[in-house]
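*Asks:* Starting off with a structure, shown below.
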Amino acid sequence: MLSRSVFHSAAIGALLLCSMSGASAQSVTDVPSVDLIDDAFIADLEVMLNSPVIHHAIDHQNEVRANISQAEIDALDQSWRAETQTDGAQPVITAALGAPASTYLLRAQASSKGLLSEIFVMDRHGLNVAQSSVTSDFWQGDEAKYQRTFPQGAGAVFIDEPEFNAEVGVWLTQVNLTIDQGGTPIGVGTVEVNLSELARLRVYEGS
């Protein structure tokens with residue numbers, strides 16, 4: 001999992017980031033190219049997302065919610081959104097984050113040393129199955145991350161436009177991939193990549 005050199009170099013990249021002066025900080029105009037996310041990088045993400053624990057979690061949810069209606073999907077999404085806005089009981093969120101697949105994704109994110117800032121997977125309906133952190137919503141079926149992957153079949157990859165996170169001063173983008181079993185789509189994986197960190201790692205590896 002996350003075995004290629006770019007992932008192993010993440011810790012070094014983080015140290016380099018800490019040592020940089022304010023003058024070299026990432027600015028809004030310095031947009032790293034999404035071409036940095038090459039075939040080898042995507043292959044690593046596919047290995048991570050096709051772990052048995054992820055497949056098992058998606059299969060189970062697809063079975064349990066095989067006949068779910070749009071009204072039920074909307075109700076789940078509304079419950080999730082409401083729970084993100086309260087400090088009280090969060091049963092839906094707690095159950096999701098406590099699942100083994102979510103623990104797996106959290107560990108994968110942590111092992112990237114800042115290169116991956118969020119990871120979550122969805123079922124065939126676009127409903128969250130597992131996530132490394134709390135997402136803003138529970139249903140992704142109405143968004144491009146799902147619509148440009150799952151309906152396109154196995155092997156589909158959609159890299160979204162980079163967005164600047166002013167709070168931490170880095171560029172982020174989401175890589176979205178269809179997750180399949182034997183060529184049959186079962187869900188979708190979304191991985192938010194710190195493009196600024198990836199660009200620094202590429203420079204370091206080429207020096």
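*Asks:* Suppose a student asked you for the relative contact order of the chain, using Cα pairs under 8 Å spaced at least 6 residues apart; what percent would you report? Show your work: numbers first, answer last.
*Replies:* Numbers: 333 pairs, mean separation 50.6, N = 207.
Dividing the mean separation by the residue count of the chain yields 24 percent.
*Asks:* May I pose another question? For ALA130, what residues show an amide H to amide H distance below 5 Å, using hydrogens built from the backbone and excluding near sequence neighbours?
*Replies:* VAL121
*Asks:* Now a separate question. How big is the gap, in Å, between the Cα center of region 178-206 and the Cα center of region 86-105?
*Replies:* Computed from Cα coordinates, the inter-centre distance equals 23 Å.
*Asks:* Comparing LEU115, LEU105, LEU76, which has the greatest mean-square fluctuation in the GNM of the chain with Cα pairs linked when under 10 Å apart?
*Replies:* LEU76
*Asks:* Quick one: angle between helix 195-206 and the longest Cα principal axis of the chain, in degrees between 0 and 90, rounded to 10, please.
*Replies:* 50
*Asks:* Right, next: If the elastic network links every pair of Cα atoms under 10 Å, which of SER102, SER69, SER117 fluctuates the most in the Gaussian network model of the chain?
*Replies:* Checking each option, the largest mean-square fluctuation is seen for SER69.
*Asks:* FRET efficiency for ALA166 and LEU36, Cβ-Cβ distance as r, R0 = 22 Å, nearest 0.05? Walk me through the numbers before you get to the answer.
*Replies:* Details: r = 21 Å, r/R0 = 0.95.
My answer for the efficiency is 0.60.
*Asks:* Further question on the same structure: Modelling each spin label as a point 7 Å along the Cα-to-Cβ direction, I'd like the HIS56/GLN152 distance in nm, to one decimal.
*Replies:* Taking the simple label geometry, HIS56 and GLN152 are separated by 3.1 nm.
*Asks:* May I ask you to evaluate 6.51 cos²θ - 1.76 cosθ + 1.60, the Karplus curve with θ = phi - 60°, for each residue of region 65-77 and list the ³J(HN,Hα) values in order in whole Hz, giving x for glycine and proline?
*Replies:* Couplings: 10, 4, 10, 5, 8, 5, 5, 5, 4, 4, 5, 4, 5 Hz.
*Asks:* Nearest 10 degrees, 0 to 90: what angle lies between the long axis of helix 39-49 and the longest principal axis of the chain (Cα atoms)?
*Replies:* Once rounded, the angle reads 40 degrees.
*Asks:* Here's another thing I want to ask about it. Where does the chain land at 222 nm, in deg cm²/dmol rounded to the nearest 500, when only DSSP H runs of n ≥ 4 count, each adding -39500 (n - 2.57), divided by all residues? Intermediate results must be reported in sequence, preceding the final value.
*Replies:* Working: 9 runs with 88 residues, N = 207.
Taking each H run of at least 4 residues, the total per residue is -12500 deg cm²/dmol.
*Asks:* Hey, what's region 144-188 come to in accessible area per residue, 1.4 Å probe, Å²? Could you put the intermediate results ahead of the total?
*Replies:* Working: 2160 Å² over 45 residues.
Per-residue accessible area for region 144-188 comes out at 48 Å².
*Asks:* Give the carbon-plus-sulfur fraction of the accessible surface of region 110-207 in %, rounded to a whole number; probe 1.4 Å, heavy atoms of protein chains only.
*Replies:* Numbers: 1730 of 3770 Å².
Its accessible area is 46 percent carbon and sulfur atoms.
The values are calculated or read from the model by the stated rules, or taken from the named source; none is laboratory data. Keep in mind that what you see is a predicted model, and the values were worked out from it rather than measured. Cβ coordinates were reconstructed from backbone atoms using ideal geometry, including for glycine residues, and neighbour counts include every protein chain displayed. Each accessible area value is taken on the protein alone, full model and side chains, heavy atoms only, with ligands, DNA and RNA left out. Shrake-Rupley method; radii C 1.70, N 1.55, O 1.52, S 1.80 Å.
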